[in-house]
1. Can you name the residue in the stretch 352-373 that is among the small types (Gly, Ala, Ser) and either closer than 17 Å to Gly278 by Cα or without any contact (Cβ under 8 Å) to a residue 24 or more places away in the chain (or both) and, of all such residues, is surrounded by the fewest Cβ atoms within 10 Å (Cβ to Cβ)?
2. With the checklist (1) closer than 15 Å to Gly396 by Cα; (2) within 20 Å of the chain's Cα centre (by Cα) in hand, flag the one item Ala47 doesn't pass.
3. Looking at the stretch 205-222, which of its residues are part of a loop (DSSP other than H, G, I, E, B) and farther than 20 Å from Ala383 by Cα?
4. Does Ala397 count as crowded, with 22+ Cβ neighbours inside 10 Å, modelled with pLDDT under 85 and touching a helix residue (DSSP H, G or I) at 6+ places or on another chain (Cβ under 9 Å)?
5. Here is a check on your reading of the model: is Trp212 crowded, with 24+ Cβ neighbours inside 10 Å and out of contact with any Pro (no Cβ under 8 Å at 6 or more places or on another chain)?
6. Give the residues of the stretch 301-330 that are part of a helix (DSSP H, G or I) and either at pLDDT 90 or above or over 30 Å from Leu48 (Cα atoms) (or both), sorted by residue number.
7. Among the residues of the stretch 408-418, write down those that are in contact with a helix residue (DSSP H, G or I) (Cβ under 7 Å, 6 or more places away or on another chain) and surrounded by fewer than 19 Cβ atoms within 10 Å (Cβ to Cβ).
Amino acid sequence: MESRPTEADSIVSRIDELPLRPMHIFAVLACALGLFFDLAEFAIGNALSAVFSAPPYSADVTALSWLLAAVYLGAIAGAFATGWLADRYGRRSLIIVLLAIISLSSVAAAASPDILSLATARGLSGLALGAYPPLMASYLTDILPARNRGGLIMATVALGATGPLALIFLIRWLTPIEPLGVEGWRWAFIVCAAAAGICMLWFRKVPESPRWLVSQGRLVEAKTALARFGSAADSLEHHTKPSSPETRSTPAPREKLLSGRLGFLLFIYFLAPWSTIGFPLLSGAVLIHKGVNLGDSLFYVGISSIGPVAGAIVAGFAIDRIERRTALIVSAIAMATLGFTFGVSQSPAWLMASGLAYNMVIAIFMPTLVIYAAELFPTAQRARATSWSWAIRGIGATLTPLILLPLLQSSGTVAMFCAIAASLFVFVAALTIWGPPGVAGQAIR
């Protein structure tokens, strides 16, 4: 005899069936604003690689490597801790805490008197910066209807991706004029600090994930949160009759993390930053190595930052129609080709075109990877799986400048981009052999 769906099952199924409502859009915009300044803070590192490679700083390669790596080192600890806390205490509460950390550490970075202090502040920022994207993806995966999930997450990325573009051009504009005697890169940190505080206030208006509340057995709170995403006509009562007037349900038993699937994700996430972090982070240093002056280097880096915006917009129209694994494989091959083209180019036109296209593909590749990972795990495990994978990505990201920058200095651009291409081909092989298919446009647990 077929069992009757429980009240918890009805709430979860209703999340996937709801039409888009204003609260969905508000939540997407709040997430996008947070991502805007999260990505912008990371992109400041791209500009710092050029600023501290040129006079008056001309930092030695070891100090510069650690400055660029510090934020990713902090991201490792932050992502590990936040994933567990978010599955235990909720997505929204942890996002608010992360935004507070970003705001305070940005103030510290702006006030840094030397490169060591700046690296320390960047490490503290990394605690939150590395944890925000996977937690944001978990939250959006929880709350968005299945048919719109991929497209709206890509739209969030497209809006967030304008952050690096805005901040890099802000630095380039302010560097020669230094308003109030403050360097351009310091102003960028000040802007990020103020905006993260504003975003924190936005998130106080966003409901907690109803899907997460169900996983904790908090059905009354889950129905209240669901009602804020729906309307009277879309309410749970119109969907199914509640099974009982209970105020709190016993949470479902916690499943063990799917170890084989998690191990696969950890491996491919370790490989991802060699291409997705290595290229944008060191592109400024590559241009300086090619003899391009600081002003033009910042201009080229800024132009290439348009790529993520365009890439995410284009991908948003197709992401729920293309199998996730296929999209990842095609994107990885495209990055290998474009990276090598950038490495051997001397023409300004080719440098800008290949850099722009590479960053465009990154904007397709990374959100697809995050969505792919989030959809592979049930709600009670989602934040841990995505955040722990992101933490492993942080280990790869920390090693990236420490290995690739000395390789650039000692062996040149071709050797560095060959190393990046090798990581991409290993990624493709692992995904082809061990990667499970994605669930584009399908309901999730």
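The values are calculated or read from the model by the stated rules, or taken from the named source; none is laboratory data. Fair warning: this is a prediction, and the values are worked out from it, not measured in the lab. Neighbour counts are summed over all protein chains in view; Cβ atoms, including those assigned to glycine, are modelled from backbone coordinates with ideal geometry.
1. The residue in question is Ala353.
2. Answer for Ala47: the failing condition is (1).
3. Lys205
4. yes
5. Details: crowded, with 24+ Cβ neighbours inside 10 Å: yes; out of contact with any Pro (no Cβ under 8 Å at 6 or more places or on another chain): yes.
In short, yes.
6. Gly316, Arg324, Arg325, Thr326, Ala327, Leu328, Ile329, Val330
7. Gln409, Val414, Ala415
Residues are listed down the side, and each one gets a yes or a no for (1) surrounded by fewer than 24 Cβ atoms within 10 Å (Cβ to Cβ); (2) at pLDDT 85 or above:
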position	(1), (2)
Ile25	yes, yes
Phe42	no, no
Ala50	no, no
Phe80	yes, no
Trp84	yes, no
